[in-house]
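Report on the structure given below.
Taken together, the values in this text are just the output of simple stated rules run on the coordinates, not laboratory data. These numbers come from a predicted model, not from an experiment.
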């Protein structure tokens, strides 16, 4: 991580979806799928999927705030998942799929709460936002086969039905924020 970089850790459903989108955002240096917020010291995908670990599927994003601010990261985040459904994104159900922002600084917490308040006041959704805003917890990288999953498996069923539409929605809405080579 470069010295002018920051970290954002976000959970909003399956980490494959978030990773596929954020690795295409201008100013994002890297995206790693993983787990955070639970009580296991060495979580595995199987343990997290069982729902008892307390961990959420998350992505850890290293970004350059002069190219892409934390607020812009949050704008993309709220546009690509449903922040009003507790412990669920579409057919993915369980605490591991909750909407959560793990804040690495006090400023990130202030910005996250301000963005949520603004979005709630705009009534973009029929229900209130339930996204948790929590202090950053220990991050555990997911198993290697989860990293760059969509890029390596674009024809896999889940990727076609769930990830591809989110990526298309992002590309349409945020075309000005796409990396040039995407």
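If each DSSP helix of 4+ residues adds -39,500 (n - 2.57) and the sum is divided by the residues in the chain, what number results at 222 nm, nearest 500 deg cm²/dmol? All intermediate terms of the calculation are to be shown ahead of the outcome.
Details: 6 runs with 54 residues, N = 182.
It lands at -8500 deg cm²/dmol.
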Can you work out D for the range 22-89 in µm² s⁻¹ from Stokes-Einstein, where Rh is the Kirkwood radius over C-alpha pairs, the temperature is 25 °C and the viscosity is 0.890 mPa s?
-> 182 µm²/s
Please identify, among 131, 85, 105, the residue showing maximal mean-square fluctuation in a Gaussian network model of the chain using a 10 angstrom Cα cutoff.
-> 105
Could you give the spread of the C-alpha atoms of the range 29-135 along their three principal axes, from largest to smallest, in whole angstroms?
-> 36, 34, 21
With the chain treated as a Gaussian network of Cα nodes joined by springs under 10 Å, which of 59, 130, 32 yields the largest mean-square fluctuation?
-> 130
GNM, the chain, Cα, under 10 Å: largest mean-square fluctuation among 19, 57, 111?
-> 111
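Label the chain by shape, choosing from rounded, prolate and oblate, from the square roots a ≥ b ≥ c of the eigenvalues of the Cα gyration tensor; if a/c is under 1.5 it is rounded, and otherwise prolate applies when a/b is larger than b/c, oblate when it is not. Display every interim value, and only then the final one.
On the way: a/c = 1.16, a/b = 1.07, b/c = 1.09.
Taking the square roots of the gyration eigenvalues as a ≥ b ≥ c, the chain is rounded.
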